[in-house]
Amino acid sequence: MMKLEKYKKDISKLIKKGEKLLSILSTNDDLIKFSKEYEIWYSESLSLIKFVLPNRFEDFKKYYYQKGEDCLKKYIIYTPPRKGSNGLCIPFFDDFIPAEKVDYAKSLFENQLGIVKASKKRFESSLFDIKQLVQADLFDSELDAAQELNQKGFIRGAGAIAGVVLEDYLAQLCENHNIKIRKKNPTINDLNQQLKDNNVIEMKDWRNIQGLAGLRNLCDHKKKKEPTKKDIEGLINGVKKITKQ
């Protein structure tokens, strides 16, 4: 809950700072300050969006930079203003970039700010699942621990931890989609099959998870083939990829 409150405060600060930046951009006032502070705002917002509103992450990035397209990156590179005939400095947007281009830059930034505001609404929505927020952090820390164990030679232990993370993630996914599991202690393959049967995951993901389950079983049961560091590295990386979808 403390972490949740921290995210709420961070979002509120980003929104307030974003509105201030929008005001600077709208009035062409202190544009050097805008270009510097925008970069900080963008980096902080990007990290937050990735975690809180991942389905808008790519959109948020594209407003900043998209190869071959007009984007904010083109407008925040500072070009020193030159002095006009009256000796006064001319703002660089007015001097070097047509007014319609400035308006377009404002619309891009407004879209980014809108995404940050939407992330705040996600917290306020009754649909937001606090359990998922906490569990996402837990998955990351457990996979980091598994990676460290694997590097130190505790191969079976590392694989077992990664397997538990995958199992818990799939169970959460079933719960999110109201899929009832009849087995008391379902395996990774049981959960994987239910998710495929209910069209939650695609065939390629189903096959991938099957492969990861096989690697996990090498760690949990004595078999002729011993798991290797490379096997478990593949398991850990595979679980990371699955849990970030």
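FRET efficiency for the N185 to S26 pair, using the beta carbon distance and R₀ = 41 Å, is estimated at 0.10. With a Förster radius of 30 Å applied to the beta-carbon distance between D144 and K225, the computed FRET efficiency rounds to 0.70. The length gained on full extension between K16 and S107, counted as 0.36 nm times the residue separation minus their Cα-Cα distance, comes to 31.0 nm.
Loop-located trypsin sites (Lys or Arg not before Pro) in the range 154-204 (DSSP state not H, G, I, E or B) with no more than 15 neighbouring Cβ atoms inside 10 Å: K180, R182, K183, K184. In order along the range 104-114, the Karplus-derived 3J(HN,Hα) couplings, from 6.51 cos²θ - 1.76 cosθ + 1.60 at θ = phi - 60°, round to 5, 4, 4, 5, 5, 5, 4, 5, 5, 4, x Hz, and Gly and Pro are given as x. Note that the range 51-65 has calculated 3J(HN,Hα) couplings of 8, 8, 9, x, 6, 10, 4, 5, 4, 4, 5, 5, 5, 7, 8 Hz, one per residue in order, obtained from phi through the Karplus relation 6.51 cos²θ - 1.76 cosθ + 1.60 (θ = phi - 60°); glycine and proline are x.
Taken together, the values in this text are just the output of simple stated rules run on the coordinates, not laboratory data. Please read all numbers here as calculations on a predicted model, not as lab measurements. All Cβ positions, glycine included, derive from the backbone under ideal geometry; neighbour counts span all protein chains shown.
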